[in-house]
Amino acid sequence: MTQTYGLTCISEILKKKDKSFSFKTLTKSRFIELEKRAEKLGEKTLSDRIIHNLKLTSTIIQHCRQNEISNYRLSSSLFPLITDKSLELNLATIKEANQILNLIKKIGETAKEHEVSLSFHPDQSNVLASERDDVVLRTVRELDFLAHILDLMGLPADYSNPINIHPSVSTKEPTEANLKAIVDRFYDGMVRCNDSVLKRLVIENEDKGCWNCMSLFIYFHQYMGHQHRHIMPLTYDNLHDECNPSVLNGNAVTMAQNVDAFAKTW
């Protein structure tokens, strides 16, 4: 198996060279405060920070190529506030929209030119298996947006540029019925996403709770494939596995066994 390396979000090497190599965010309260001013600076400030983040992303991809890093996980901080429904922001109509869209397209071109694959890993507040419909709707909105960004980059709608999430729902009674119920809710939430998400969505083992490698394989891969006819690829996290190991017939499942099992789900 060929060994490749990936980079998550930001390079500490770049940050040491220049402190400006950090992603910029904007809180909702600050945005509203700026919008209330006579100059209505909220949207302009937000656009400027998005432009900074996108330019930095292109720089990081070039840095990956120079250091023989072939995978880059895009930062979840690229587009602060854009998916907040209450603010009614739209990437296509926001200030400096043309420049923003051109920069997004350029990122895709740069990644393909340098043969660096891209992915997203939205945070664990995104819960497709939640019992609260508002949480599921917010998650669907976020996932649809991230898939749209990958589409705007000109990347194929497939697992070569995945959107990786966690189940983010556990149970104190990990019975077969309870675990299947979580998977069923996850699937019901997942199919509310657009097709561009469904062709990219993958799921990762967790560092605590019921979703260790073995239960993830049995329920999110095998059970979902049998019950819902959707073959879910699995992402292996070795640190999460160390914190939350799997045991089969009294023996710990090894890293090699987990890697082999997960690799075959793709």
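The values are calculated or read from the model by the stated rules, or taken from the named source; none is laboratory data. Everything numeric here is computed off the predicted structure, so don't read it as measured data. Cβ coordinates were reconstructed from backbone atoms using ideal geometry, including for glycine residues, and neighbour counts include every protein chain displayed. Accessible surface is based on the protein model in full, side chains and every heavy atom, while ligands, DNA and RNA are left aside. Shrake-Rupley method; radii C 1.70, N 1.55, O 1.52, S 1.80 Å.
Among the numbered conditions (1) modelled with pLDDT under 95; (2) buried (at least 16 other Cβ atoms within 10 Å of the Cβ), the only one that LYS19 does not meet is (2). All conditions in (1) over 17 Å from SER130 (Cβ atoms); (2) open to solvent by less than 60 Å² (accessible area, probe 1.4 Å) hold for GLN257, with the sole exception of (2). The listed residues are SER70, SER77, and the only one of them that is within 17 Å of CYS9 (Cβ to Cβ), within 16 Å of the chain's Cα centre (by Cα) and either touching a residue at least 24 places away in the same chain (Cβ under 8 Å) or open to solvent by 30 Å² or more (accessible area, probe 1.4 Å) (or both) turns out to be SER77.
Identify all residues within segment 221-257 that are assigned to a helix (DSSP H, G or I), over 23 Å from TYR187 (Cβ atoms) and in contact (Cβ under 8 Å) with a residue 12 or more places away in the chain; write none if there are none. Correct list: ASN238, LEU239, ASP241, CYS243, MET255.
In this structure, LEU179 does not qualify as open to solvent by 60 Å² or more (accessible area, probe 1.4 Å), modelled with pLDDT of 95 or more, assigned to a helix (DSSP H, G or I) and over 19 Å from TYR72 (Cα atoms).
Where helices (runs of 4 or more DSSP H) fall entirely within segment 1-108, those with at least 3 residues that are closer than 30 Å to ASP260 by Cα are at 42-66. Applying the criterion of being open to solvent by 50 Å² or more (accessible area, probe 1.4 Å) and at negative phi to the residues of segment 223-233, the residue that is nearest to the chain's Cα centre (by Cα) is ILE231.
Of a type in the set (Val, Ile, Thr), over 30 Å from GLU68 (Cβ atoms) and in contact (Cβ under 8 Å) with a residue 40 or more places away in the chain: does that describe VAL135? It is false that VAL135 is of a type in the set (Val, Ile, Thr), over 30 Å from GLU68 (Cβ atoms) and in contact (Cβ under 8 Å) with a residue 40 or more places away in the chain. Per the conditions (1) touching a strand residue (DSSP E or B) at 6+ places or on another chain (Cβ under 7 Å); (2) loosely packed, with under 13 Cβ neighbours inside 10 Å, the sole criterion not satisfied by LEU7 is (2).
Selection within segment 118-176: residues that are farther than 16 Å from ARG73 by Cα and touching a strand residue (DSSP E or B) at 6+ places or on another chain (Cβ under 8 Å). The member of this set that is surrounded by the fewest Cβ atoms within 10 Å (Cβ to Cβ) is ASN126. Looking only at segment 234-245, decide whether some residue is aliphatic (A, V, I, L, M) and open to solvent by 70 Å² or more (accessible area, probe 1.4 Å). Among the residues of segment 234-245, at least one is aliphatic (A, V, I, L, M) and open to solvent by 70 Å² or more (accessible area, probe 1.4 Å), which makes the answer yes.
Checked against the criteria, ASP84 counts as within 20 Å of the chain's Cα centre (by Cα) and of a type in the set (Asp, Glu). When segment 182-222 is filtered for residues that are in contact with a helix residue (DSSP H, G or I) (Cβ under 9 Å, 6 or more places away or on another chain), open to solvent by less than 30 Å² (accessible area, probe 1.4 Å) and among the aliphatic types (A, V, I, L, M), the ones remaining, listed by number, are ILE182, VAL183, MET190, VAL197, LEU201, ILE203, LEU216.
Look at segment 171-193: where a residue is of a type in the set (Gly, Ala, Ser) and a partner is at pLDDT 95 or above and open to solvent by less than 50 Å² (accessible area, probe 1.4 Å), sitting 6+ places away or on another chain with Cβ atoms under 6 Å, you get GLY189/LEU128; GLY189/VAL136.
Can you find, within segment 203-220, the residue that is nearest to VAL191 (Cα to Cα) among those that are touching a Leu at 6+ places or on another chain (Cβ under 9 Å) and not in a helix (DSSP H, G or I)? Across segment 203-220, the extreme among qualifying residues is ILE203.
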